[in-house]
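These notes are about the structure you will find just below.
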Amino acid sequence: MSDYSMKDIEWAKINRDVLASLESPRKEFWMVLSVCVLLVLCGAAAEAYQYNEGLGVALMNRPHFWQLYISNFVFWIGMSHSGTLLSAILLLTQADWRKPIYRFAEAMTLFSILTAAIFPVIHLGRVWNMYWVLPYPNERTIWPNFRSPLLWDAAAITTYATSSVLFLYIGMIPDLAICRDNATGWRKKLYTALSIGWMGRASEWMAFRKTYVLLACFLVPLAVSVHSIVASDFAMSIMPDWHITSFPPYFVAGALYSGCAAIITLFVLLRYVFKFEEYMTTEIMDKTAKLTFAIAMVWNYLNLGEYASIWYSNDMFEKEVLLEKFFGPYHWVVWGMLICALIAPFAMAFKKVRHNMWAMFWLSLVLQLGMWLERFQIVSPPLASNHEPWTWAVVWPGTVQLTITAASFGWFTMLFLIFCKVFPSVSMYEVKEMVFHRRKASSRTDMEDLSKVKDEMIKTEEGLS
Amino acid sequence: MTLKRMLENWSDLRKQDYYEDEPYMWGMSIDLNKCIGCGSCVTACYAENNLPAVGKEHYSTGHAMHWMRIERYWEEPEGEADIDIKDSDYPERGAHYTPMMCQQCNHAPCEPVCPVAATYHTPDGLNAQVYNRCVGSRYCGNNCPYKVRYFNFFDFLKDVPHPLEMQLNPDVSVRTKGVMEKCTFCVQRIRSAKDAAEDEGHRDYIEDGSFKTACQQTCPTEAIVFGNLKDEESQVKKLWASHEVELNHFEQDKSEDVRGYRVLEELNVEPCVMYLDRVRDTEA
């Protein structure tokens, strides 16, 4: 426990520091936010154009029926997985270094799902009929096709989005109560409504703990199944290099990988923008980097295993696509991916890199670029060299697709920044808990004080009830 | 289908060959020896099925809507007779044409992936596309190994100048942007032939050759033969039988002198179109 430098933070200071993040961010915050809003507006304009003209303006064609929209969808869904990993798995394994950083990781989960959910919608030819995918009751008793992985997608995303909202919200209730007690104006009203009358009674804490752990247990298998279903979009088809049995675990590993990289990026940014240096320490970064490195190695293994199984299967079509990936028109995407996502993570093997915040920031961006390229090379090259040689064609995404892609990054960052401004992005009560356990370990005297506080709390509760 | 009905008829629905007792299974045979690559089948298909002529620009960006297309492959030289070709300015031995349209697969990979069940199998063996139901996820197009599904990337037929809209076929719906479409084996002709047969009093028999698909009708060399594969007397059934091709049957070792094969049949999609291989004498 001695390797944490935050054990001396006072409880009141925790409240003060976190609540300050709701009030006074650096001015870079507003600059980034306005850029994001601008990007979102550009994306909305591109989508309006595409909606009116038809999907042809996105420069997709036959055989490239799918392109950036689908690879972006996989990218964002993937990013949403690490929040759950960090929060739920580390909660269940009682790794307490997660505490200062899990709140924003959960928020990241939610907002990347909201970003991902946009893509299958704008990708549809007839957006106005998108609700037909859902099994809603209708007068003609028409069901959707339950065999289609796209239907599973719709179900999985809705479930995952709902559970992540619940997980994020429930984990935030005690903090919302703290905010409520300190806020004025519209914030007071908002936090009062959201904290649903939290008083901090022992019975409330018990119910809270149970719910939180229960939700965590539910979320872990759900997260794995969600990305397996996304992988099924490809694995259930008969396209060469999509029809791969190892895709579900490969996708899950890739999801956790890119998600951890995103957590590192946001870690450094939040630490800088909201002045959270005392909470998000180098030791926590070190642990996050180690975790990312481990996941990167799993992903590497599955990736190379996929190449090997295609190569040794000697299937004519699959081998053709594999060779086209490495030496064909999309070769720089594939090599870029291999350099950024397969070789670059080895930098995290060095302690010097892991302890340098800005080095980790740039490295995490490189890893994310690699994983974004990975999603592109999953979708496009197999379509370019499919079963039917007469239709082979190379297509690069056009302005509309690229604008909407840029807008998706703006949309995500915008939602995230607004969240950080309105809600506490560091969990106050969990950090206090962490500090409490440290004190318990370091000195007996503090413990006695705290047990007095505990006794008082119980007395108050008896009085209240 | 309600859940109750589904549970009541569970054993029926789980039957291996659900449409076994149906009187029709439409199939085709295309003789590549006879095909001269003239493209008249393509033109006929455009006229019959209200296909938009997209123009040069859209064609070059891959947005063409030809349900029937002529695939041209240049053949590499091989054998004694081709020695001169190898040194000439024209390194190919000549072109090889394959008319390619929807193969109406019986195990169609496009069907299970559609989220709204807009594409399904009809009892007479057609792979039907319901334009009104399609939401345009384009998954079917990706999963089609022949890449014969065509997506309306634009509203091509929105502004047809008067009086050109008068030439549209009233039996075929005009598709809007955002829906997938493909060869239907001229389903409108099949349906009207069925209606005519019913008027004459026989429900499950249409005389072979009483109607033709547009491509078959137009082919100058009669390379395309279309008919009912369940009718033992039909020309297409006889062709399939004589070239040792049958449905639900995939055999690698055939007799040497038969030319019949189905494209990519090793994918086990059970296409309903048989091609007869082109024979060239490379030794003489």
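The values are calculated or read from the model by the stated rules, or taken from the named source; none is laboratory data. Source: prediction; values computed, not measured. All Cβ positions, even for glycine, are placed from backbone atoms using ideal geometry, and neighbour counts span all protein chains on display.
Consider A:Leu85 carefully, then state whether it is on the phi > 0 side of the Ramachandran plot and modelled with pLDDT under 90.
no
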Looking at (1) assigned to a loop (DSSP other than H, G, I, E, B); (2) closer than 13 Å to B:Pro99 by Cβ, which is the one condition that is false for B:Phe226?
(1)
Here are some residues: A:Phe75, A:Phe119, A:Phe167. Which one is among the aromatic types (Phe, Trp, Tyr), within 14 Å of another protein chain (Cβ to nearest Cβ) and within 19 Å of A:Leu415 (Cα to Cα)?
A:Phe119
Do you know which residues across the range B:134-165 are more than 7 Å from every other protein chain (Cβ to nearest Cβ), part of a helix (DSSP H, G or I) and crowded, with 24+ Cβ neighbours inside 10 Å?
B:Cys140
Please work out which residue is nearest to B:Cys140 (Cα to Cα), limiting yourself to the range A:137-159 and to residues that are β-branched (Val, Ile, Thr) and facing another protein chain (nearest Cβ under 9 Å).
A:Ile142
Among the residues of the range B:216-235, is there at least one that is touching a residue at least 40 places away in the same chain (Cβ under 8 Å) and within 30 Å of A:Tyr51 (Cβ to Cβ)?
no
Whichever residue in the range A:46-71 is more than 8 Å from chain B (Cβ to nearest Cβ) and among the polar types (S, T, N, Q) and, among such residues, is farthest from the chain's Cα centre (by Cα)
A:Asn52
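In the range A:276-304, what residues are among the aromatic types (Phe, Trp, Tyr), surrounded by fewer than 22 Cβ atoms within 10 Å (Cβ to Cβ) and modelled with pLDDT under 90?
A:Phe276
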Restricting the range A:408-465 to residues that are among the polar types (S, T, N, Q) and at pLDDT below 85, the one nearest to the chain's Cα centre (by Cα) turns out to be A:Ser425
Does at least one position in the range A:179-194 carry a residue that is within 14 Å of chain B (Cβ to nearest Cβ), without any contact (Cβ under 8 Å) to a residue 12 or more places away in the chain and buried (at least 16 other Cβ atoms within 10 Å of the Cβ)?
no
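Please state which one of A:Val333, A:Val394 is under 30 Å from B:Met101 (Cα atoms), in contact with a helix residue (DSSP H, G or I) (Cβ under 6 Å, 6 or more places away or on another chain) and modelled with pLDDT of 90 or more.
None of the other options fit; the residue is A:Val394.
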Can you spot a residue in the range A:394-405 that is closer than 27 Å to A:Pro100 by Cα, more than 14 Å from chain B (Cβ to nearest Cβ) and out of contact with any Asp or Glu (no Cβ under 9 Å at 6 or more places or on another chain)?
no
Which residue is surrounded by the most Cβ atoms within 10 Å (Cβ to Cβ), if the candidates are limited to the range B:121-133 and must be more than 9 Å from chain A (Cβ to nearest Cβ) and over 23 Å from B:Met100 (Cα atoms)?
B:Pro123
More than 20 Å from B:Thr213 (Cα to Cα), within 14 Å of chain A (Cβ to nearest Cβ) and modelled with pLDDT under 90: which single residue out of B:Tyr73, B:Tyr90, B:Tyr59 fits that description?
B:Tyr73
Of all residues making up the range B:166-209, the number that are assigned to a loop (DSSP other than H, G, I, E, B) and not hydroxyl-bearing (Ser, Thr, Tyr)
23
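Looking at B:Glu207, B:Glu181, B:Glu200, which one is loosely packed, with under 14 Cβ neighbours inside 10 Å and either at pLDDT 90 or above or more than 10 Å from chain A (Cβ to nearest Cβ) (or both)?
Numbers: B:Glu207 fails: loosely packed, with under 14 Cβ neighbours inside 10 Å; B:Glu181 fails: loosely packed, with under 14 Cβ neighbours inside 10 Å.
Answer to the check: B:Glu200.
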Would you tally the residues in the range B:1-35 being within 14 Å of another protein chain (Cβ to nearest Cβ) and closer than 19 Å to B:Cys186 by Cβ?
0
Quick one: would you say B:Asp17 is touching a residue at least 60 places away in the same chain (Cβ under 8 Å), over 26 Å from B:Leu276 (Cβ atoms) and part of a loop (DSSP other than H, G, I, E, B)?
yes
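Before we move on, is B:Ala118 away from chain A (no Cβ under 11 Å), under 19 Å from the mean Cα position of the chain (by Cα) and hydrophobic (A, V, I, L, M, F, W, C)? Can you show your working first?
Numbers: away from chain A (no Cβ under 11 Å): no; under 19 Å from the mean Cα position of the chain (by Cα): yes; hydrophobic (A, V, I, L, M, F, W, C): yes.
Here the answer is no, as B:Ala118 does not meet what is asked.
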A:Ser246 passes all but one of the listed conditions (1) at pLDDT 90 or above; (2) crowded, with 18+ Cβ neighbours inside 10 Å; the exception is number (2)
Among the candidates A:Arg26, A:Arg98, A:Arg62, which residue alone is modelled with pLDDT under 80 and either over 20 Å from A:Met434 (Cα atoms) or touching a helix residue (DSSP H, G or I) at 6+ places or on another chain (Cβ under 9 Å) (or both)?
A:Arg26
From the option list A:Trp396, A:Trp390, single residue qualifying as outside any helix (DSSP H, G or I) and surrounded by fewer than 22 Cβ atoms within 10 Å (Cβ to Cβ) is A:Trp396
Report whether or not A:Tyr131 is within 14 Å of another protein chain (Cβ to nearest Cβ), in contact (Cβ under 8 Å) with a residue 40 or more places away in the chain and either aromatic (Phe, Trp, Tyr) or not in a helix (DSSP H, G or I) (or both).
no
Of the listed residues (A:Ser203, A:Ser258, A:Ser225), the one being surrounded by fewer than 18 Cβ atoms within 10 Å (Cβ to Cβ), hydroxyl-bearing (Ser, Thr, Tyr), under 20 Å from the mean Cα position of the chain (by Cα) and at pLDDT 90 or above is A:Ser225
